[in-house]
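One structure below.
Any read-out appearing in this document is the output of simple, stated calculations on the displayed coordinates, not a laboratory observation. As the structure is a prediction and not an experimental result, all values here were calculated from the model. Backbone-built Cβ (ideal geometry, glycine too); neighbour counts: all protein chains shown.
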There are 2 protein chains.
Amino acid sequence: MALRVVKEAEQEVPVIGDRNLRGFVGYSLKRAYHLIQADAMRVLDPLGLRISTYSALAVICDNPDLRQSQLAEILSIERSNTVVIIDALEQPGLIARHRVPNDRRSYALRATPQGRRLHKEATRVLEAHENRLLTALSAEERQLMIDLLRRIDGSAFSEQGAADHPEGGHRHERPD
Amino acid sequence: MALRVVKEAEQEVPVIGDRNLRGFVGYSLKRAYHLIQADAMRVLDPLGLRISTYSALAVICDNPDLRQSQLAEILSIERSNTVVIIDALEQPGLIARHRVPNDRRSYALRATPQGRRLHKEATRVLEAHENRLLTALSAEERQLMIDLLRRIDGSAFSEQGAADHPEGGHRHERPD
DNA sequence: ACAAATAGCTATAGATCATAACAAAATGAA
DNA sequence: TTCATTTTGTTATGATCTATAGCTATTTGT
């Protein structure tokens, strides 16, 4: 399964692999994310959830009567993408779109009892999944990692970010 | 500017946001990766590169005469996906597929002078991009992050199978 | 009253990754 | 040698997540 060394003469490629790429945070980030994401997908699949639907369900459970735009902002995704996610949660009856008395445009999202139950179970499953994948890190190191990661995407806005990007920045806000 | 507060009476949703999701390393990983990936894509675009093609170009530059399967293994992607990436690099003349004397199945990948030049420039651009996005982290913290991340995807194989490399690397092969 | 902003929605596309199946070539064993 | 197996590159296809543009209905603000 590892690479087969050329047994013949051949040119004997001196492999240094991805050593130089490793200097980039983004590269290691990508590799680690890919591993975790694939396994999370795997363990969520039997529950009928994907990563995006689990995240949305979790936020909705924790923030009753949330609007779809608020959900989009919390998860840093586009409003348009929340629609299909919400659909996927509403269809099996995990959440419900309730009308808001004073605003007929928006919906108040609320998890159903089944939704809350599934969320609980999915959370357990995901905690087991992280414990399985992160055995190489202590609890302190995991928290440290979370803190470091959070400082990355926290600084996207606070560090004079959103104001001076006329175009081509990370878009979460439309100052237009 | 986190959440938009409802201006009217409304139900005043008490927003706790994604606090519970933040307990998962995977969630913060995803957010941070998404930010970095989007910006990396943006800065690579004018050079005609995507993240996947840059990564492949970098590995090919550092490992002359690499085979496509080896590239796949180093980058942890499927062989089938290397094909289109290699195509995208070969078409503008950044790399070339050379025939291998003793094995007519495989190709020896080698970067052209233009490929090496573009790789150098793209690397500078990406370093600037990381310096811009990671201002919240010191150099030591960035290295710490890389180390922590690497321990995640390093442990993916030592878990049960691949009793190969104790040394931090990935699974390549034995140079001997 | 009416322009502007907001909420949700549809359609579509790009990027990454995985899987299955295939042909040509190399390998290994009978 | 023959022949089954493995390896290499390849094609086709689908899943996931994300972004963009444009649309309708509603609300807001002047």
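Under 1.5 on a/c is rounded, so check that first for the stretch B:10-82, then, if it is not, pick prolate when a/b is larger than b/c and oblate when it is not; a ≥ b ≥ c are the square roots of the alpha carbon gyration tensor eigenvalues. Note, shape of the stretch B:10-82 comes out prolate. Relative to the other identical copies, A:R50 shows label-point distances of 1.8 nm, where the label point lies 7 Å from Cα along the Cβ direction and values run shortest first. The same position A:V100 in the other copies lies at 6.1 nm from this copy, comparing label points 7 Å beyond Cα toward the beta-carbon, shortest first.
Report the net charge of residues surrounding B:L149, where surrounding means a beta-carbon distance below 10 angstrom and charges are Lys +1, Arg +1, Asp -1, Glu -1. Can you show the working numbers first?
Values: positive: A:R22, A:K30, A:R31, B:R150, B:R151; negative: B:D147, B:D153.
Charge balance near B:L149 sits at +3.
Does the stretch A:25-155 come out rounded, prolate or oblate by the C-alpha gyration tensor, with a ≥ b ≥ c the root eigenvalues, rounded set by a/c under 1.5 and, if not, prolate when a/b is larger than b/c and oblate if not? Prolate, because a/c is 1.5 or more and a/b exceeds b/c.
Among B:S76, B:S138, the ranking by other beta carbons within 10 Å of each residue's beta carbon, starting with the fewest, stands as B:S138, B:S76. Take each residue of peptide B:32-44, count the partner chain Cβ atoms within 10 Å of its Cβ, and average: the result is 6. Projecting 7 Å from Cα along the Cα-to-Cβ direction, the label point of A:L144 sits 0.6 nm from its equivalents in the other copies, listed shortest first.
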